[in-house]
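S.K.: Questions regarding the structure given below will be posed in turn.
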């Protein structure tokens, strides 16, 4: 099953979930603000995507962090620690697809290529 990670009030997550529903893609939503996020899951994403792809440097959470905390994101270990402490600093949505692929962000064209849509 497709698993969507994010926060429910994020506009991009809303668009992504609507797209999946419109295309008949069954999916499970994981609210990482309420349900948390395991270090193992985050490290698996970093291994597949790279930590740079996962850190949301455009959001209000990032802008609210002091320079020393932001500097942690320069390394994978530091970025993981930062994202575990501030899950809103993770780009959204992160999607785990049935074939084992993980994507970050919403890209309808990319998603259409990943799924055999009806």
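S.K.: Could you give the length gained on full extension between residue 99 and residue 34, defined as 0.36 nm per residue of separation minus the Cα-Cα distance, in nm?
M.R.: Gain in length upon complete extension: 20.8 nm.
S.K.: Moving to a separate point now. Picking from 50, 100, 59, which is most flexible by a Gaussian network model of the chain using Cα springs under 10 Å?
M.R.: Highest fluctuation among the options: 100.
S.K.: Label points 7 Å out from Cα along the Cβ direction at residue 47 and residue 69: separation in nm?
M.R.: Roughly 2.9 nm, to one decimal.
S.K.: Starting from the Cα-Cα distance between residue 61 and residue 23, subtract it from 0.36 nm times their residue separation and give me the gain in nm to one decimal.
M.R.: So the extension gain works out to 10.5 nm.
S.K.: Could I ask something else about it? Between the helical axis of 39-49 and the dominant principal axis of the chain, each derived from Cα atoms, what acute angle in degrees is found, rounded to the nearest 10?
M.R.: It is inclined by approximately 70 degrees.
None of the figures in this text is laboratory data; all of them are computed from the coordinates on show. Bear in mind that the values here come from a model prediction, so they are computed numbers and not experimental data. So basically every Cβ, Gly included, is an ideal-geometry build from the backbone, and we count neighbours across all protein chains shown.
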